[in-house]
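Following: one structure in structure tokens, then a few remarks.
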């Protein structure tokens, strides 16, 4: 996408982040999370930088975002980063927005001194798995686990790569 701009999220972006996240959940056939709770989560993330959040803009419209920081997984070295969330509106899939967001997160993690990065992906999200594998992530098979997503239980796996 030639006019895609990546920039740090601003406080006014939080509501749009919730809308993009809800659209992603809807595309997966899941009910949206509590929007007020998610709004608080993303407002605090933008305000306090945990996780760091970058947004992708098509003109003035935010069309995707990535949240990243140090890994939340126990027993990981402090040089391991994690993609906490990466979402792109369906209207902008396949246009390089996800790649631009990944590049921004990678650069940010390198600036933070990270040497490795991980991401947790639901096994049912074939497009997300394919995207991350094309970006050089490898499945960490022993990490396979079942977690609750609202009232639903899903299988997810951690993917890792060197930065």
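Taken together, the values in this text are just the output of simple stated rules run on the coordinates, not laboratory data. None of these values were measured; they are calculated from a predicted model. We place every Cβ from the backbone using ideal geometry, glycine too, and count neighbours over all the protein chains shown.
With springs only between Cα atoms under 10 Å apart, run a GNM on the chain and tell me which of 106, 75, 38 wobbles the most.
Among 106, 75, 38, the largest GNM mean-square fluctuation belongs to 75.
Sorting 60, 69, 34 on the 10 Å Cβ count, fewest up front, what's the list?
Working: 60 6, 69 20, 34 12.
Result, fewest neighbours first: 60, 34, 69.
Beyond 18 Å, what percent of the Cα pairs of region 70-121 remain? Please list the in-between numbers first.
Numbers: 475 of 1326 pairs.
For region 70-121, the share of Cα pairs beyond 18 Å comes to 36 percent.
Quick one: give the max-minus-min coordinate of the C-alpha atoms of the chain along each principal axis, largest first, in Å.
41, 38, 31 Å, listed from the longest principal axis down.
Quick check: convex hull of the Cα atoms in region 70-163, volume per residue, rounded to a whole Å³? Show your work: numbers first, answer last.
Working: hull volume 9.6 nm³, N = 94.
Roughly 103 Å³ of hull volume per residue.
With just the Cα atoms defining each centre, how far is region 1-70 from region 111-163? Give it in Å.
19 Å
Along the Cα→Cβ direction, 7 angstrom out, place labels at residue 79 and residue 61. What is the inter-label distance in nm?
According to this spin-label approximation, the distance is 4.3 nm.
Stretch residue 145-residue 112 to full length: gain in nm at 0.36 nm per residue minus the Cα-Cα span?
Working: separation 33, 0.36 × 33 = 11.88 nm, distance 2.84 nm.
Extra length from residue 145 to residue 112 when fully extended: 9.0 nm.
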